[in-house]
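Read the structure below first, then the notes.
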Amino acid sequence: MHKKIPKNKEISKIIFKKGELVKEVEEISGENLFGCYQCGTCSSGCPYIDDMDLTPDEVIRYIILDRKEVLNSKTLWLCSACFTCAERCPRDINITKIMEALRQIILRRKIDYSNTRKTTKKEREKIPQIAFVSLFRKNIG
Amino acid sequence: MPSKNYNQKMDHNQGIPLEDDYFLVEPEIALLEDKVLESETTIQGITQIISKKKKRTIDADVLIIGAGISGMQAALDTADKGYKVVIIDKTSTIGGSMVKLDKTFPTNDCSICTAAPKMVELSRHPNIELITYAEINKLEGKKGEFKAQIWKKSKYVDPDKCTGCDDCTEVCPVDVVSDFDEKISTRKAIYIEFPQAVPIAYTIDHKNCTGCGACDRVCEPKAISFLEKSEEIEVEVGAVIVATGFEVLEPSELRKEYGYGKYENVLTAMQLERILSSFGPTAGKVLRPSDYKKPNTIGWIQCVGSRSLQEGFPYCSRVCCMYATKEASIIKESNPEIDINIYYMDIRAYGKDFQQYYDHAKELGIKYIRGRPSNVYENNDKSLTVKYRDTLHGKINEDKIDMLILSTSIIPAKDNKKIAKILGIEADENGFFLQKSLLDNPIQSTKDGIYLAGCIQGPKDIPDSVSMASGAAAKAVGPIKDRKRNIGRNFPPEMNVSHEKPSIGVFICHCGKNIASYVDVEKVTQETKKLPNVDYVEHVMFACSEDTCKKIRDTITILPDKKLNRIVVAACSPRTHGGLFQDTLQEAGLNKYLFEMANIRNHCSWVHSDDKDKATKKAIDLVRAAVAKVSLLEPLSEEEFSIIPSVLVIGGGISGIKSALALADMGIKSYLIEKETKLGGRLKHLYSMFPSDTKSKEIIDPLIRQVNKNKLIQVMTEAELADIDGFIGNYKGTIQHKGKKKKIEFGTIIVATGFKEIDLEGQYHYGDNKNILTQTEIEENIKKDTLKKKPKNVVIVNCAGAMDEKRPYCCRIGCGVSIKNAKLISQKFPGSKIWILYRDMRVFGKEEEEYYSDVLKNYHITTVRYPGEKKPKVILDKNNPKDGLMNVKVYDDILEEELEIPADLIVLTVNTEGEILTDSLKNMLKIPADEGGFFLEAHAKIRPLDFATDGIYLCGAAHYPKNIVDTIAQAEGAASRAAIPIMQGKMKGEGQVAEVDEELCSGCSTCEGICPYNAIEVKPKSDNKDHFIAIVNRALCKGCGACVGACPSGAIEQKGFKTKQLRVMLEALLRNEEKYA
């Protein structure tokens, strides 16, 4: 089923020619997506899978099929880069790198909604530090 | 084939005489020097050590390393041709991995039941010297003159004296983890691998034996000798066949996320085979290891370690999909309440009848779930939680299962690399041996004179291994073909027992648990003892084992006061085991027709497994009937006939060409007939070959030149077999050759007629638009360079006309071809977008999977998986249907949505069927074919190259479509099979033939028309020209009995099934009816 992913205005504005999305992902990640057998190993081992709108294997499928709505997906931002998928993928595809590439595609176009400075003191007390570290990492690449 | 007749008697079960003490092993000498000097045996031992004898040398023709099913087949094929074979195995028995299996797919034949007769045949063959518990140390020399050093480890048990009584294991205090049972059970330090082991003699495991002597004390025949030494044997041979087999991956390091070794209820598939086996640790009951309870749910994870670019091996293990299906079906059939899930990526049901077998498994209720679990957790109750993404339903699920089976990859035997070094041949990075040329010469290793058979050059199923083993036997004959041959075996002269009163011996088989669980064997024995003329009754664990055969011989020859003159064996089918027992009779000097079998396994324990009482009663009845018949049996003789030393090869494609060349290498003449104007078959139309991209013409052209040059091969193109008459060894055929009729004579026939693409009958608009092509057409276009316009979007549709209601089978080669052609199109038109629509990607085995993965990555090919019930639709342009842009609508199974792909070139991977010649050959040669027009072999597993009719053999795509590697292996294998009768020179006919009573025969010719083998001719009587009578050709008659039933005058009787012999059987059965009524 074509999954409904809430659209983000800015992200939706990013334009790709046919085949450009795969090309850019492959360029940034250094991974060959066409080697994927769609076996679902990455999804079944993913600790965040229950909250993702697209599963990691769907993300790969969407990129191959040139569906740029994949960039709107929560999945890229939920990925905690734990590398479980990369470790167990029978095709030796580093899915974590692919997630990072997708984030970079967005971030390099200066689309970033996280603003650590604007978090209130109260929020800072509540949010675990690791979340900030993770956020910084995603922004740095 | 008629039963074999060997010239020389040699009992191979005696192993090698223990005569030499040239080599010493430390613990033994320590034992001698230290303590036990006084004892008599020790002094003997020391004397033996002091007198250093010369090393034993065996002069043979072929050395075979490894005695699994491949090694055994190669040995029998070579030895049947008259050459002397030495076969070694590193374990104490022969049989290899096949005997560990419970059943075999896709026929569910019992594995040991099909392998055991071969094992016994091998051990009894006069031309085969069997050395078990031995390894090769060194190989010197070159093709034609190899010198090998064999290290034969001591078994510390004298095989001549050992009776296999099992007393020793009861007292042995040492438990050792059993390798045969895949580490799920233990054996003792003195052991036998399994009940039907050949040779049937115990072995002391030197490493684990404590030397307590308990076994020695209880051994009645005094077979145990701690002083026996290992010995080095020198073997001189002309060729070597390597068949060291495979191992399965133990995923305790690689893929440890599935918990193997950590969680008790996670097993490898091989371990499950042992659990399912009737002589395994649970005697065939499905129990999980943690609590020995029956599991409610069982799961299989496929591709554990296979198809893995990391944490495993890159190749596909080729057999796992089918063995998982087999194991699951067997369990489900007998335990419908057990839930079964198989987690897979692609189900590779690629072979003959495999797809139907898989469909049947789905009907049984086995759930196939497309999704590969990432890891497994153990619960408190020792069950396991498997989390996976069901990729066809887009859901993340968790299943709780009681027992988890891992279909782990097939890996080369661990010491393969060592063996490669010893032999001087090359192995690949995984440890599989390399071929000299994969597509051209797959059996030849990288060194001349050394040939490969079975799984050592890549994973393989049993029929492919067996074909390749036969092929290796053909190749191995090349270097030694001019050596002296020794055919047959002289049995002792036959005793004349016709004047004696019948004295019957009855042997009743337990068949392990196969019969004994369902039939009260003891009761059958007691009832049989009461029958008239029965002087000896015994029930035995395995009637087909060598020790029972010895017992039968002994009761005939040396039983003191009453020598038996008729034998009944109550066991399984005479079709599989009759010949074995008949040989046994002959060895004891008794005519082999004074024998009868009662099939109490198939007819009692199998069909009445739910009612032991009635099964037992029926067994008693059957044995009584057999005893009644055997009393009336008479000794019969067999007609001997000679063999015309040439072969007719039908079909001039790669199969036929390779067969003819292999025959020529063995020095045998052949006629190669081809209906087209040129040799080469389908390869002539193709551009390059999967999976090595070798150009077809580089393979076929040199072969055609070789064939045309070879003086032993007579090539006839534009030729067809018009008529044939005769029988094995003596065929007379008429060949329609370029409009002329030509008569030729030959001894055997190889059918290599190949296959063709089916007629799609307009499916997928094939024929409507000129840009819809079949794979063959696209390849011809690439070859001739006639594709000019660059296509933007190419859609390849796999399984066109395959796996549907009309043709339920998989074409085996289509997936590979589609990948290869996708690559060819990409190379020709860089930038073209290529889509492959597939159902399951069946690129099985070594090389193919790697090729597939490389092509996907290098050419960015997009694959779409579609379900069988929703076939892709081709939509033509309304305005320009013949040449316009098309659209393909396909339901993507994984995305669960319909895609619409524009296409300016569509390539259909069309299903295949047998060649057009199938029908006429079927009738002319009287050989069967299946619905797809592919010929049916004699046995799907162990006789893939033979027809049930003697003298006719099968290879290549006429059997089933297959890639070129398997085709060549089969072609050379068929050549080996067809060469056997020719190299034997003479054969014997059937003894149980029809016999005409000339007085009663009216010469009405009814029988002449009805005989399926053309064995009857009506001729005038020799002394009375006016009286016509039917005359039976005893060499042709198969003893089918059709004429007997048809004769209106009751003038024909069939020997061995005479009316009076059958009447007493019926009387015996009916008498029982009254008793129990």
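The values are calculated or read from the model by the stated rules, or taken from the named source; none is laboratory data. Source: prediction; values computed, not measured. Cβ: placed from backbone, ideal geometry, glycine included. Neighbour counts: every protein chain shown. Keep in mind that these areas ignore ligands, DNA and RNA; they rest on the heavy atoms of the full protein, side chains included. Shrake-Rupley method; radii C 1.70, N 1.55, O 1.52, S 1.80 Å.
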B:Lys418 vs (1) free of Cβ contacts under 8 Å to residues at least 40 places away in the same chain; (2) over 30 Å from B:Leu63 (Cα atoms); (3) within 37 Å of the chain's Cα centre (by Cα): all pass except (2)
Within the range B:328-338, is even one residue more than 30 Å from B:Lys414 (Cβ to Cβ), among the aliphatic types (A, V, I, L, M) and more than 14 Å from chain A (Cβ to nearest Cβ)?
-> yes
Selection within the range B:964-987 - surrounded by fewer than 24 Cβ atoms within 10 Å (Cβ to Cβ) and outside any helix (DSSP H, G or I) = B:Gly985, B:Lys986
Within the range B:1004-1077, which helices (runs of 4 or more DSSP H) (wholly inside it) include 3 or more residues that are touching a Lys or Arg at 6+ places or on another chain (Cβ under 6 Å) and either farther than 30 Å from B:Val623 by Cα or in contact (Cβ under 8 Å) with a residue 24 or more places away in the chain (or both)?
-> B:1059-1076
Residue among B:Glu145, B:Glu129, B:Glu170 that alone is open to solvent by 10 Å² or more (accessible area, probe 1.4 Å), under 28 Å from the mean Cα position of the chain (by Cα) and in contact (Cβ under 8 Å) with a residue 24 or more places away in the chain | B:Glu129
Consider B:Asn887 against the criteria (1) part of a loop (DSSP other than H, G, I, E, B); (2) away from chain A (no Cβ under 14 Å); (3) surrounded by fewer than 22 Cβ atoms within 10 Å (Cβ to Cβ): it satisfies all of them except one. Which criterion is unmet?
-> (1)
Restricted to the range A:1-22, and to residues that are within 13 Å of chain B (Cβ to nearest Cβ) and surrounded by 14 or more Cβ atoms within 10 Å (Cβ to Cβ), which residue is farthest from B:Tyr344 (Cα to Cα)?
-> A:Leu21
The residue that is modelled with the lowest pLDDT, considering only those in the range B:890-939 that are β-branched (Val, Ile, Thr) and within 30 Å of B:Thr863 (Cβ to Cβ), is B:Ile894
Pairs returned, first residue in the range B:294-312 that is at the interface with chain A (Cβ under 7 Å from one of its Cβ atoms) and open to solvent by 10 Å² or more (accessible area, probe 1.4 Å), second residue that is among the acidic types (Asp, Glu) and in a loop (DSSP other than H, G, I, E, B), beta-carbon separation under 6 angstrom, 6 or more apart or interchain, are B:Leu309/A:Asp92; B:Gln310/A:Asp92
Six or more apart or on different chains, Cβ under 7 Å: which pairs go from a residue in the range B:534-553 that's over 15 Å from B:Met597 (Cα atoms) to one that's of a type in the set (Asp, Glu)? Could you list them?
-> B:Arg553/B:Glu587
What number of residues in the range B:370-382 are more than 10 Å from every other protein chain (Cβ to nearest Cβ) and either part of a strand (DSSP E or B) or within 36 Å of the chain's Cα centre (by Cα) (or both)?
-> 3
Would you tally the residues in the range B:743-776 being open to solvent by 60 Å² or more (accessible area, probe 1.4 Å) and of a type outside the set (S, T, N, Q)?
-> 9
Tell me, yes or no, whether the range B:958-966 has at least one residue that is out of contact with any Phe, Trp or Tyr (no Cβ under 7 Å at 6 or more places or on another chain), closer than 22 Å to B:Pro1012 by Cα, touching a residue at least 60 places away in the same chain (Cβ under 8 Å) and of a type outside the set (Phe, Trp, Tyr).
-> no
Residue in the range B:852-884 that is surrounded by the fewest Cβ atoms within 10 Å (Cβ to Cβ), counting only those that are hydrophobic (A, V, I, L, M, F, W, C) and in contact (Cβ under 8 Å) with a residue 60 or more places away in the chain = B:Leu876
What helices (runs of 4 or more DSSP H) lie completely within the range B:506-598 and have 3 or more residues being farther than 19 Å from B:Leu622 by Cβ?
-> B:546-557, B:574-587
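Residue-by-condition table, conditions (1) open to solvent by 80 Å² or more (accessible area, probe 1.4 Å); (2) closer than 24 Å to B:Glu257 by Cβ; (3) in contact with a strand residue (DSSP E or B) (Cβ under 8 Å, 6 or more places away or on another chain):
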residue: A:Phe83; (1), (2), (3): yes, yes, no
residue: A:Ile105; (1), (2), (3): no, no, no
residue: A:Tyr113; (1), (2), (3): yes, no, no
residue: A:Arg124; (1), (2), (3): yes, no, no
residue: A:Ser134; (1), (2), (3): no, no, no
Candidates B:Ile401, B:Ile422, filtered to the one that is open to solvent by 20 Å² or more (accessible area, probe 1.4 Å), away from chain A (no Cβ under 14 Å) and among the hydrophobic types (A, V, I, L, M, F, W, C) = B:Ile422
Can you name every residue in the range B:936-961 that is crowded, with 24+ Cβ neighbours inside 10 Å and either among the basic types (Lys, Arg) or in a helix (DSSP H, G or I) (or both)?
-> B:Gly956, B:Ala957, B:Ala958
Identify, from the list B:Thr391, B:Thr408, B:Thr385, the residue that is at the interface with chain A (Cβ under 10 Å from one of its Cβ atoms) and either within 19 Å of B:Pro289 (Cβ to Cβ) or touching a residue at least 60 places away in the same chain (Cβ under 8 Å) (or both).
-> B:Thr391
Filter the range B:302-359 for residues that are of a type in the set (Ser, Thr, Tyr) and part of a loop (DSSP other than H, G, I, E, B) and give the result.
-> B:Ser306, B:Ser308, B:Tyr315, B:Ser317, B:Tyr350
Residue in the range B:645-664 that is in a strand (DSSP E or B), basic (Lys, Arg) and buried (at least 18 other Cβ atoms within 10 Å of the Cβ) present | no
Counting only residues that are within 27 Å of B:Glu931 (Cα to Cα) and either within 14 Å of chain A (Cβ to nearest Cβ) or open to solvent by 10 Å² or more (accessible area, probe 1.4 Å) (or both), how many does the range B:339-353 have?
-> 5
The range A:33-83, subset within 12 Å of chain B (Cβ to nearest Cβ) and polar (S, T, N, Q), residue nearest to B:Asp893 (Cα to Cα) = A:Gln38
Of all residues in the range B:663-697 being within 32 Å of the chain's Cα centre (by Cα) and acidic (Asp, Glu), which is farthest from B:Val477 (Cα to Cα)?
-> B:Asp693
From the list B:Gly845, B:Gly816, pick out the single residue that is modelled with pLDDT under 95 and crowded, with 21+ Cβ neighbours inside 10 Å.
-> B:Gly845
Pairing a residue in the range B:775-790 that is on the phi > 0 side of the Ramachandran plot with any residue that is open to solvent by less than 80 Å² (accessible area, probe 1.4 Å), where Cβ atoms lie under 7 Å and the two sit 6 or more apart in sequence or on different chains, gives none
Identify all residues within the range B:864-882 that are closer than 17 Å to B:Cys799 by Cβ, more than 8 Å from every other protein chain (Cβ to nearest Cβ), outside any loop (DSSP other than H, G, I, E, B) and out of contact with any helix residue (DSSP H, G or I) (no Cβ under 6 Å at 6 or more places or on another chain); write none if there are none.
-> B:Val864, B:Lys873
